[in-house]
Amino acid sequence: VQLQASGGGLVQAGGSLRLSCAASGTNFRLNGVDWYRRFSGEQRDLVAHISSDGNTNYDDSVLGRFAVSRDNVRRLAYLQMNSLKPEDTAVYYCSLTSRGRRFWGQGTQVTVSS
């Protein structure tokens, strides 16, 4: 299983970014997908989850600002991030569990300037 996250960058507070996660080596439509983020020096925290049938869950800190979605045909998951705040600055990772193992993408840096 390989996951490739992209779409990070530098944005001003109040701006938007869309992260993408491309999956290969797994029957993607059967996998739930998670987005995590890691602040400098901290552990990774779960930001959003989308189940195989499209149900979503969010951490309270991003509820109403972030939206997770998926395209099973293209084997992609997305994290749309709106109304970004400086405290959203982190490395963002996509992740999924397949055959009892958790797999991680390489992470993409999101920096929000004030």
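The values are calculated or read from the model by the stated rules, or taken from the named source; none is laboratory data. As the structure is a computational prediction, the values presented were derived from the model and not from experiment. Every residue, glycine among them, receives a Cβ derived from its backbone with ideal geometry; neighbour counts consider all protein chains shown. SASA here: full protein model, heavy atoms, side chains in, ligands and nucleic acids out. Shrake-Rupley method; radii C 1.70, N 1.55, O 1.52, S 1.80 Å.
Filter region 41-87 down to residues that are assigned to a strand (DSSP E or B) and touching a residue at least 60 places away in the same chain (Cβ under 8 Å) and give me whichever is nearest to Thr26 (Cα to Cα).
For region 41-87, the residue satisfying everything is Tyr78.
Only one of (1) without any contact (Cβ under 8 Å) to a residue 60 or more places away in the chain; (2) in contact with an Asp or Glu (Cβ under 8 Å, 6 or more places away or on another chain); (3) under 14 Å from Cys21 (Cβ atoms); (4) of a type in the set (Val, Ile, Thr) fails for Val110. Which number is that?
Single failed check for Val110: (1).
Would you check which residues across region 26-48 are open to solvent by 50 Å² or more (accessible area, probe 1.4 Å) and either modelled with pLDDT of 95 or more or of a type outside the set (Asp, Glu) (or both) and list them?
Asn27, Arg29, Leu30, Arg38, Phe39, Ser40, Gly41, Gln43, Arg44, Asp45, Leu46
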